[in-house]
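The values are calculated or read from the model by the stated rules, or taken from the named source; none is laboratory data. As the structure is a computational prediction, the values presented were derived from the model and not from experiment. Counting neighbours? That spans all protein chains shown, and the Cβs are built from the backbone with ideal geometry, glycine included.
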Amino acid sequence: MTLKEKLSEDMKRAMKGGDKVRLETLRTLRAALMEKEIDKRGSGQPVTPDDEMGVLTGAAKKRKESIEAFGRGGREDLVAQETAELRIIEEYLPRQMSRDEVVAVVRQIVVETGASSAADFSKVMPLAMKELKGKTEGKLVQEVVKGLLGGN
């Protein structure tokens, strides 16, 4: 079952259950996936699982940024709304890795590449992002790589 099909099935359940927040969040995700399909149609390429993951991570990132902004503005009602939406989106994402798990993966990449200083950042970062894509935020990966290479 594709992500789009799963979202459609879950939307039906949300409609039957009267869960308006879930329904609207799932509609937003499905619309973003359909937009991705339309974008890819011109190239003749199908939507890949990486594309689907990109849509989900992008939606999660937007919610996190909104939570921060609304929190700074004192809009607790909107923080609660965005937090509820983020929890729903996270159900469709793979389990996010802890900082310690990210450090272990990046440390292994540093050893494999022979990186030893901040100058090797451009060697390590692309490999780390490829390995950790969808499993953690890029911001955390960047922090860990800089920390291990002495770039802080």
Given the conditions (1) out of contact with any Phe, Trp or Tyr (no Cβ under 9 Å at 6 or more places or on another chain); (2) modelled with pLDDT of 90 or more, every one holds for residue 6 apart from (1)
| task | Would you be able to say whether some residue in region 20-33 is in the same structural domain as residue 82 (by TED's automatic domain parsing), outside any helix (DSSP H, G or I) and either modelled with pLDDT of 90 or more or more than 20 Å from the chain's Cα centre (by Cα) (or both)? | result | no
All conditions in (1) acidic (Asp, Glu); (2) over 30 Å from residue 143 (Cβ atoms); (3) out of contact with any helix residue (DSSP H, G or I) (no Cβ under 6 Å at 6 or more places or on another chain) are true of residue 10 except (3)
When every residue in region 47-61 that is modelled with pLDDT of 85 or more and acidic (Asp, Glu) is compared, the one surrounded by the fewest Cβ atoms within 10 Å (Cβ to Cβ) is 51
Within region 129-140, residues touching a helix residue (DSSP H, G or I) at 6+ places or on another chain (Cβ under 9 Å) and more than 17 Å from residue 64 (Cα to Cα) come out as 129, 131, 132, 133
Pairs returned, first residue in region 58-80 that is basic (Lys, Arg), second residue that is surrounded by 12 or more Cβ atoms within 10 Å (Cβ to Cβ), beta-carbon separation under 7 angstrom, 6 or more apart or interchain, are 63/82; 63/85; 63/86; 63/89; 64/86
Only unsatisfied item for residue 83, checking (1) modelled with pLDDT of 85 or more; (2) outside the structural domain of residue 64 (by TED's automatic domain parsing); (3) of a type outside the set (D, E, K, R), is (2)
Restricting attention to region 1-46, the residues that are surrounded by 10 or more Cβ atoms within 10 Å (Cβ to Cβ) and under 22 Å from residue 81 (Cα atoms) number exactly 24
Of the residues in region 95-152, those that are exposed (fewer than 11 other Cβ atoms within 10 Å of the Cβ), within 26 Å of residue 51 (Cβ to Cβ) and of a type in the set (D, E, K, R) come to 95, 130, 139
